[in-house]
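The block underneath contains the structure these notes are about, expressed in structure tokens.
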Amino acid sequence: MQIESLKVFCDLAETESFTKAAQINHITQSAVSQQISSLERQFKSLLIERSKKKFRLTREGQVLYEASKQIVQTYDTLHSRLQELKDIISGTIRIATIYSIGLHDLPPYIKRYLKSYPTVNVHVEYRRSNQVYEDVLGNVVDLGLVAYPTRDAKLEIVPLRKEQMCLICHPQHPLAKGKNVKISAIAGQKFVAFEPDIPTRKAVDKVLREHGVQILPVMEFDNVETVKRAVEIDAGVAIVPHGTVTQEVSKQTLAAVNIEDADLHRPLAAIYKKNKVLSTAMRQFIAMLKEG
């Protein structure tokens, strides 16, 4: 029996998916099945109830999972300490991030990090906010990057910084004439919004309600890039993180206007699963993100 087999079993138990367990461990689904079968032969116990309706561990499987989790964590801690003794920082960091952070905030950090630690492989997945949480809790990734972090007893939240939001509109739009506007100025305007389940949308809606501002929703999208494209063709105005539109503003395809009488700052955070053993590579990466 190898540590790797116990890790595959833990990943399968936590994701409840042969596909995801295979993906996490960079092996085939068939290899996952073979390793589970090998564990069942070794312990002479059925570990998983084979049902097409729902994945479920047997009682023996649950006992093995709890013990294996401790073994794998102890092994990871040992491996990390030995690397520290040798001053070696290597391995892979798997990150899931929402689009706006991944496309606009993250690249400079990754560039700087890889310059310092060229032997580390940083793998980035672009996901919707709810999927980032699912991937972190399911051990599909090591680290998640989100806005407006949601507290969860199973997660550690590392606050990073607050990002200024701004109003964007077509350069010929009447609101583009000034550098600042009051939030009441967008009342009745055609509005390009994020989809309702996205945290930034919920925060913007809350600010609009607090100020008694009613807008005219015309489009909803799940990522900032599509929102920007819609505003560029003058489909409406939008409220987005300021850092996501610097390129468009410099090219004069969009105008960015500060909303002076509303608190529109978007908190960003890194999240990872509680009790996760952080490798030296991960700790250094989180430290770099916190530095700003």
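The values are calculated or read from the model by the stated rules, or taken from the named source; none is laboratory data. Note that the structure is a prediction, hence the values are computed from the model and not measured. No Cβ is skipped: glycine too gets one built from the backbone with ideal geometry, and neighbour counts run over all protein chains shown.
A compact table of results
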read-out: Output for the range 275-292, where each listed residue is closer than 17 Å to V136 by Cα and surrounded by fewer than 20 Cβ atoms within 10 Å (Cβ to Cβ); value: N275, K276, V277, L278, R283, I286
read-out: Scan of the range 114-132 for residues that are buried (at least 19 other Cβ atoms within 10 Å of the Cβ) and in a helix (DSSP H, G or I), ordered by number; value: S129, V132
read-out: Enumeration of residues in the range 220-236 that are farther than 11 Å from H170 by Cβ and of a type in the set (V, I, T); value: V224, T226, V227
read-out: The range 74-113 - residue that is out of contact with any Ser or Thr (no Cβ under 9 Å at 6 or more places or on another chain) and among the aliphatic types (A, V, I, L, M) and, of those, surrounded by the fewest Cβ atoms within 10 Å (Cβ to Cβ); value: L85
read-out: Criterion: touching an Asp or Glu at 6+ places or on another chain (Cβ under 9 Å) and free of Cβ contacts under 8 Å to residues at least 24 places away in the same chain - qualifying residue of L78, L46; value: L46
read-out: Exclusive hit being within 23 Å of V277 (Cα to Cα) and either acidic (D, E) or outside the structural domain of T19 (by TED's automatic domain parsing) (or both), set V63, V72, V124; value: V124
read-out: Of the criteria (1) in contact (Cβ under 8 Å) with a residue 40 or more places away in the chain; (2) within 16 Å of L103 (Cβ to Cβ), which one H211 fails; value: (2)
read-out: Matching residues in the range 111-141 - criterion: being of a type in the set (V, I, T), within 18 Å of A269 (Cβ to Cβ) and in contact with a helix residue (DSSP H, G or I) (Cβ under 9 Å, 6 or more places away or on another chain); value: V124, V141
read-out: Residue, nearest to A230 (Cα to Cα), within the range 133-160, restricted to residues that are touching an Asp or Glu at 6+ places or on another chain (Cβ under 9 Å) and part of a strand (DSSP E or B); value: A147
read-out: Selection count where residues are in contact with a Phe, Trp or Tyr (Cβ under 8 Å, 6 or more places away or on another chain) and not in a strand (DSSP E or B), scope the range 260-281; value: 2
